[in-house]
1. Restricting to region 139-183, count the residues that are among the hydroxyl-bearing types (Ser, Thr, Tyr) and out of contact with any strand residue (DSSP E or B) (no Cβ under 9 Å at 6 or more places or on another chain).
2. From the residues in region 1-30 that are hydroxyl-bearing (Ser, Thr, Tyr) and outside any strand (DSSP E or B), which one is nearest to Cys91 (Cα to Cα)?
3. For Thr128, indicate whether it is at pLDDT below 95 and touching a helix residue (DSSP H, G or I) at 6+ places or on another chain (Cβ under 6 Å).
4. Working only within region 135-158, note down all residues that are under 30 Å from Met98 (Cβ atoms) and open to solvent by less than 40 Å² (accessible area, probe 1.4 Å).
5. So, in region 159-173, of the ones that are touching a helix residue (DSSP H, G or I) at 6+ places or on another chain (Cβ under 9 Å) and either open to solvent by 70 Å² or more (accessible area, probe 1.4 Å) or touching a residue at least 24 places away in the same chain (Cβ under 8 Å) (or both), which residue ends up farthest from Ala95 (Cα to Cα)?
6. With the requirement that a residue be outside any loop (DSSP other than H, G, I, E, B), hydrophobic (A, V, I, L, M, F, W, C) and either in contact with a Leu (Cβ under 7 Å, 6 or more places away or on another chain) or open to solvent by 50 Å² or more (accessible area, probe 1.4 Å) (or both), what does region 199-218 give you?
7. Starting from region 3-20, take each residue that is more than 17 Å from Gln45 (Cα to Cα) and list its partners that are exposed (fewer than 11 other Cβ atoms within 10 Å of the Cβ), counting only C-beta distances under 8 angstrom and pairs at least six apart or across chains.
Amino acid sequence: YVYINYVKNEKAAQEALSQITLAGGQAALVQASVSDSQAVSAMFQTIRKGHRRLDILVNNAAATRDGFLGMMSEQDWREVIETNLTGAFLCCRAAVKMMIAQRSGHIVNTGSITGVAGRAGQCNYAATKAGLVGLTRSLALEVSAYKIYVNCVIPGCIETDMMLKVPEPLRKKMIENAPLGRMGRPEEIASVVRFLVSDDASYIQGQTIIVDGGLTHP
């Protein structure tokens, strides 16, 4: 059973729900801002009442408020931090309480190559995504004894609504720099997430998996 969290875009959430049901699965929508602790608590209470357990949490909420640091407002800084990093913290905190009780679970955080390589005009976004890497590693160390797996997937240039907001010249340059010479597809990220929450990944813990077509390198 899948709970689909959304804030404003109910249409997209309904489309995801339809895809799941058409594939033979079951799902429900839960509206909540992950940056709101009370809303997150209510969302996880809904999950407890509905199924009494939680097997998988995927943190993929993200916000951007781009601008050079010297001209960035505190509001733009805080909004990105609250959604991308505090939101992951609140969801992880609620999830691990359920997972510790059942002594099992998987958490996958969604980072970004910006958090690894940086990008001018995205200091706030980069800080949150780099923070998710540290959160992933530290939480994995805390919950491994309960057979809870925590890993992080770092997408590169992926065909999403957020990437379409990137200026065309920059997007073109990113594609040209990627050894595979193309943007990634959302389903290619989903495949990695699916692997990480499967038994096939039973010895992968606290890791950061970069899926960017070779765009970044050590």
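The values are calculated or read from the model by the stated rules, or taken from the named source; none is laboratory data. All values derive from a computational prediction rather than experimental measurement. Every residue, glycine as well, gets a Cβ built from its backbone with ideal geometry; the counts of neighbours run over all protein chains shown. The accessibility values were calculated without ligands, DNA or RNA, using every heavy atom of the protein model including side chains. Shrake-Rupley method; radii C 1.70, N 1.55, O 1.52, S 1.80 Å.
1. 1
2. Tyr1
3. Spelling it out, it is not the case that Thr128 is at pLDDT below 95 and touching a helix residue (DSSP H, G or I) at 6+ places or on another chain (Cβ under 6 Å).
4. The answer is Thr136, Leu139, Ala140, Val143, Ile148, Val150, Asn151, Cys152, Val153, Ile154, Pro155, Ile158.
5. Across region 159-173, the extreme among qualifying residues is Leu164.
6. Across region 199-218, the qualifying residues are Ile209, Ile210.
7. As it stands, the answer is Ile20/Gln26, since those pairs meet every condition given.
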